[in-house]
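**Student:** What follows is a single structure, and I will ask about it in a moment.
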Amino acid sequence: MPENDTHPAPGVLTPEAPETSNLMSKRKIRVLINGLHARSGGGVTYLLNMLPALAEHSDFEFHIFLHSEQHDIVGDIDDRIRVHLFDFRPGISYLLFWEQICLPILARLMAADVTFSPANYGPLFAPGSIVLLRNALSVAGRETRPLKRLYWLALSLMTLLSLFFSRHAIAVSRFALSALTFGFEGLLRNRLSVVYHGVSPVYSPADTRPDDSPFLLAVADIYIQKNLHTLLEAMPAILGAFPGIKLIIAGRKIDNGYYNELMERAQRLKLQTSVDFIDSVPQSQLVELYRRCALFVFPSTVETFGNPLVEAMACGAPIACSNTAVMPEIVGNCAEFFDPSDASDMAKAVLRLLDDRGYRKELGQRGVSRAAQFSWKESARALTAIFRRAAPQPR
Amino acid sequence: MRILINAMSARRGGITTYTRNLIDALDERGIEAVVAVPPDLHQKRPKSTVSVKASEFGPVKRLFWEQTIWRHYVRRYAPDVLFSSANFGLFWSPVPQVLLLREGGLFDPFYLANVAPAQGVKVALMRSIRRRLMLASARHADQIVVPSESMKAALLSWAPELASKCHANLYGTLNDIYRPDGVARVWRGDGILRLLYVSVYYPHKNPGLVAEAVRLLNHAGTRAHATITMNLEDVRNTRGGALDYRQIDRAHRHGDLTLGSRSYDSLPELYRSHDVFVFPSVSETFGHPMAEAMSVGLPIVVADTSVAREICGDAALYFKPFSSRDLQSRLVELDADPNLRATMVARARDRALKLYKWSDHVDRLITLFEQLARKARRATGVTPTDDV
């Protein structure tokens, strides 16, 4: 499997402004995490898993900036991380202003050595800026609403600018590195790294896995790039061979329009009793679903990492997934692949697994081994190595 | 000797307590002193004080007023020593001047990194201006007094040239008022571990941590409740108080906290009615409540900062700043060990009596005034209190 890799950061940072005191000459490396964009799903999951792993590194001092509106979403953060909560005016445009103007000022006043922005882009003039390339931008191509298209355009522009203004950019996969560097991968190669996400140890296999589980599992928030509509199209063929099987889809209804479209499609395909949308579930329940499903289906077309894939592997679930985007990179030889645009190919892949108990077991075991290589501890170690190189020298 | 004291900033918190006690102490010693105070304090201590409305001015107007109108008053009163007791003093004072610097956060790198950011850019700008004015005041003062060695070290890291005229004069407390009563308190007498945190609210006071620690204790099966002498509204309306507000509000709604300011006179009994004093503040110049709690003979658990170590020594248990879990651990340790509690209580009272007598602080201050006045008389060859 590709390993986390790092590249040396060029140059030495200039000393901080005289606002700071001489008493700080012997202190830990101070990292400011720009958490302002963690509002849901992957962003929150990333912070909640990465922060405790980072806090284990005692030669660092971690701070995180959050808006007070995020406090309930993010919850109680590891108390080794210093939380700074802000009450500035809510709204995307003021957030952009605050992030680009106020955040760098405060970062310099607090003598931050590194400013880490884990949502594609960050403040262009913050000290020691490092960005995490995590959000797929090709989603914009599927967007038809003008304001949303503008949003994705702005996000793309900020990502591009951040690549050139930041000290280092970290991608969550080689696919993300390629997709989110706008063709400048060669030019920027000394400032680029790949650091994979980890997986929480709560995702683990059961002692025994049921042989005749009655359900397929899909874990995905409900929006168009997750490609659940093609999965529904594949279901009649699957039900033809396994009439008693159900499809359980666990994920939040992010796009109500798309959700309604899925409901109509399910009705047209007469799948009302065969498909169950159960919304988002607590982690403990999700683990049980992974452990008990016949197989895990992942038809998504746009992913930069695919957290549910690693969760499913860690729980020993056999996987059928798309052969595009990051999926082959993450699952390796631990899944049965299909063309995500072809419902018939999707159905064949699922049936291949449902028909072969031994193959399912083998894939599940391979998945458990592969998942063990994804570790938040290792991700944090790789991240701190990059922070250390980006911080002012010497330490 | 005639002393003129600028205490116009004594509107709330420690500075009000200090000013009130100083007025009483000077009066007891028969020292001629006039103290310029805000109108509220003048009403409580009408003798020896003059009411100055400039205390309500904004910072720019106040600065201008002090350097002009107040200067004129100083010249007219012609004291032997001007004591500027709240961070700012007269530039080119016409009389010898002692400046008390009591706002340590501006010089404290820990405060600047951990507390200051959440207050925003505008406050950061004001802080920078305040610091520059305080340093300018310090450079113009004949002598500087700070309440602790920790504060002195922080100040001198910004302005090492002030070393020769900077003195650490530890505050004290009124040990005869802050004392144990005759009956030893029964630990967790009603089954609940009762924590006390005495302070007004500023972001560095970190009361949210106490709320979190109580939540953790209750969750782990140790029944706990905290009294915090702060008003929730003050927390909500203070820049940089967002996190504290959420944590305290949650705990208060859950019934884990009693909130609300208390009168100064009611504090001794408040200390005596609780099991343990907690002090999570991360930036103090002295920390009056720590000394008060020690004097009453309470076991105290404080954030591990340099000033806390200086003030409390081995008479406190320390926890990692900002760590509610570490605070919880210390409280559990204290709860489980009666011998430890007895040791801490004995050390606390002993330390308070030895090091934190208010009268000693005043005596040292007066000695400094007298030295300065004598030096000025020798230099000018006249007695400044002669008719002008």
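**Student:** If you go through segment B:125-138 one residue at a time, do you hit one that is in a helix (DSSP H, G or I), touching a residue at least 12 places away in the same chain (Cβ under 8 Å), more than 12 Å from chain A (Cβ to nearest Cβ) and not hydrophobic (A, V, I, L, M, F, W, C)?
**Tutor:** For segment B:125-138, residues in a helix (DSSP H, G or I), touching a residue at least 12 places away in the same chain (Cβ under 8 Å), more than 12 Å from chain A (Cβ to nearest Cβ) and not hydrophobic (A, V, I, L, M, F, W, C): present.
**Student:** I would also like to ask the following. Identify, by number, the condition in (1) farther than 29 Å from residue B:245 by Cα; (2) part of a helix (DSSP H, G or I) that residue B:145 doesn't meet.
**Tutor:** Unmet for residue B:145, out of (1) farther than 29 Å from residue B:245 by Cα; (2) part of a helix (DSSP H, G or I): (2).
**Student:** Still on this structure, I have one more. Take the residues in segment A:193-230 that are touching a Leu at 6+ places or on another chain (Cβ under 7 Å) and part of a helix (DSSP H, G or I), then tell me which one is farthest from residue A:357 (Cα to Cα).
**Tutor:** Only one residue tops the list, namely A:229.
**Student:** Assess whether residue B:7 counts as being among the aliphatic types (A, V, I, L, M) and surrounded by fewer than 22 Cβ atoms within 10 Å (Cβ to Cβ). Show your work before the answer.
**Tutor:** On the way: among the aliphatic types (A, V, I, L, M): yes; surrounded by fewer than 22 Cβ atoms within 10 Å (Cβ to Cβ): no.
In short, no.
**Student:** Are any residues in segment B:203-219 buried (at least 18 other Cβ atoms within 10 Å of the Cβ) and free of Cβ contacts under 8 Å to residues at least 40 places away in the same chain, and if so, which ones?
**Tutor:** B:218
**Student:** Here is a follow-up. Suppose the filter is more than 15 Å from residue A:343 (Cβ to Cβ) and either in contact with a helix residue (DSSP H, G or I) (Cβ under 6 Å, 6 or more places away or on another chain) or surrounded by fewer than 22 Cβ atoms within 10 Å (Cβ to Cβ) (or both); does residue A:233 pass it? Quick ask: steps written out before the conclusion?
**Tutor:** Details: more than 15 Å from residue A:343 (Cβ to Cβ): no; either in contact with a helix residue (DSSP H, G or I) (Cβ under 6 Å, 6 or more places away or on another chain) or surrounded by fewer than 22 Cβ atoms within 10 Å (Cβ to Cβ) (or both): yes.
Taking the combined requirement at face value, the residue does not satisfy it.
**Student:** Can you confirm whether segment A:36-58 contains a residue that is among the polar types (S, T, N, Q), in contact (Cβ under 8 Å) with a residue 40 or more places away in the chain and buried (at least 20 other Cβ atoms within 10 Å of the Cβ)?
**Tutor:** The answer is no, given that none of the residues of segment A:36-58 is among the polar types (S, T, N, Q), in contact (Cβ under 8 Å) with a residue 40 or more places away in the chain and buried (at least 20 other Cβ atoms within 10 Å of the Cβ).
**Student:** Which condition number in (1) closer than 22 Å to residue A:44 by Cα; (2) surrounded by 17 or more Cβ atoms within 10 Å (Cβ to Cβ); (3) touching a residue at least 40 places away in the same chain (Cβ under 8 Å); (4) out of contact with any strand residue (DSSP E or B) (no Cβ under 7 Å at 6 or more places or on another chain) is the one that residue A:173 fails?
**Tutor:** The one condition residue A:173 does not meet is (4).
**Student:** Are any residues in segment A:204-250 of a type in the set (Lys, Arg) and not assigned by TED's automatic domain parsing to the domain that holds residue A:341, and if so, which ones? I'd like the intermediate steps shown before the answer.
**Tutor:** Start the filter on segment A:204-250 by keeping residues that are of a type in the set (Lys, Arg), which leaves A:209, A:226, A:246.
Result: A:209, single match.
**Student:** To continue, here is another question. Could you identify the single residue in B:226, B:242, B:251, B:211 that is closer than 21 Å to residue B:323 by Cα, more than 14 Å from chain A (Cβ to nearest Cβ) and not acidic (Asp, Glu)?
**Tutor:** On inspection, the qualifying residue turns out to be B:226.
**Student:** Take residue A:119 and decide whether it is touching a Lys or Arg at 6+ places or on another chain (Cβ under 7 Å) and either more than 12 Å from every other protein chain (Cβ to nearest Cβ) or surrounded by fewer than 17 Cβ atoms within 10 Å (Cβ to Cβ) (or both). Please lay out each step first, then the result.
**Tutor:** Numbers: touching a Lys or Arg at 6+ places or on another chain (Cβ under 7 Å): yes; either more than 12 Å from every other protein chain (Cβ to nearest Cβ) or surrounded by fewer than 17 Cβ atoms within 10 Å (Cβ to Cβ) (or both): yes.
Criteria met by residue A:119.
**Student:** Would you say residue A:68 is surrounded by 14 or more Cβ atoms within 10 Å (Cβ to Cβ), among the small types (Gly, Ala, Ser), assigned by TED's automatic domain parsing to the domain that holds residue A:119 and at pLDDT 90 or above? Walk me through it before giving the result.
**Tutor:** Working: surrounded by 14 or more Cβ atoms within 10 Å (Cβ to Cβ): yes; among the small types (Gly, Ala, Ser): yes; assigned by TED's automatic domain parsing to the domain that holds residue A:119: yes; at pLDDT 90 or above: yes.
It is true that residue A:68 is surrounded by 14 or more Cβ atoms within 10 Å (Cβ to Cβ), among the small types (Gly, Ala, Ser), assigned by TED's automatic domain parsing to the domain that holds residue A:119 and at pLDDT 90 or above.
**Student:** Would you point out which residue out of B:335, B:314, B:275, B:360 is among the charged types (D, E, K, R) and under 30 Å from residue B:94 (Cα atoms)? Step through it out loud before you land on a result.
**Tutor:** Values: B:335 fails: under 30 Å from residue B:94 (Cα atoms); B:314 fails: under 30 Å from residue B:94 (Cα atoms); B:275 fails: under 30 Å from residue B:94 (Cα atoms).
Every option except B:360 fails the conditions.
**Student:** For segment B:282-296, give me each residue that is over 16 Å from residue B:170 (Cβ atoms) and crowded, with 24+ Cβ neighbours inside 10 Å.
**Tutor:** Residues of segment B:282-296 that are over 16 Å from residue B:170 (Cβ atoms), as a first pass: B:282-283, B:296.
B:283, B:296 - these are the residues of segment B:282-296 that are over 16 Å from residue B:170 (Cβ atoms) and crowded, with 24+ Cβ neighbours inside 10 Å.
**Student:** What number of residues in segment B:152-193 are within 14 Å of chain A (Cβ to nearest Cβ), crowded, with 19+ Cβ neighbours inside 10 Å and not in a helix (DSSP H, G or I)?
**Tutor:** Here the count works out to 0.
**Student:** In the set B:272, B:262, which member is closer than 23 Å to residue B:308 by Cβ and in contact with a Lys or Arg (Cβ under 7 Å, 6 or more places away or on another chain)?
**Tutor:** Values: B:262 fails: in contact with a Lys or Arg (Cβ under 7 Å, 6 or more places away or on another chain).
Selected residue: B:272, the only one of B:272, B:262 that is closer than 23 Å to residue B:308 by Cβ and in contact with a Lys or Arg (Cβ under 7 Å, 6 or more places away or on another chain).
**Student:** Would you kindly identify the helices (runs of 4 or more DSSP H) lying entirely within segment B:9-122 that contain at least 2 residues that are closer than 30 Å to residue A:80 by Cβ and within 14 Å of chain A (Cβ to nearest Cβ)? Give the derivation first.
**Tutor:** Values: elements: B:14-28, B:39-44, B:59-65, B:71-77, B:109-114.
Filter on segment B:9-122 gives B:109-114.
**Student:** Continuing with the same structure: Restricting the search to segment B:206-225, which residues are of a type outside the set (D, E, K, R), assigned to a loop (DSSP other than H, G, I, E, B) and over 24 Å from the mean Cα position of the chain (by Cα)? If you could, list the steps in order and put the result at the bottom.
**Tutor:** We begin by selecting, within segment B:206-225, every residue of a type outside the set (D, E, K, R); these are B:206-211, B:213-214, B:216-222, B:224-225.
This time we only want the ones that are assigned to a loop (DSSP other than H, G, I, E, B), so: B:206, B:220-222.
Within segment B:206-225, B:220, B:221, B:222 meet the criteria.
**Student:** Which strands (runs of 3 or more DSSP E) sit wholly inside segment A:282-395 and have at least 1 residues that are under 24 Å from residue A:200 (Cβ atoms), under 21 Å from the mean Cα position of the chain (by Cα) and among the aliphatic types (A, V, I, L, M)?
**Tutor:** On the way: elements: A:295-298, A:319-322, A:336-338.
The qualifying strands (runs of 3 or more DSSP E) are A:295-298, A:319-322.
**Student:** Given the conditions (1) more than 9 Å from every other protein chain (Cβ to nearest Cβ); (2) touching a strand residue (DSSP E or B) at 6+ places or on another chain (Cβ under 7 Å), which single one is not true for residue A:146?
**Tutor:** For residue A:146, the exception is condition (2).
The values are calculated or read from the model by the stated rules, or taken from the named source; none is laboratory data. Just so it is clear, the structure is predicted and the values come from calculations on it, not from any experiment. Because the Cβ atoms are built from the backbone with ideal geometry, glycine has one as well, and the counts that use them run over all protein chains shown.
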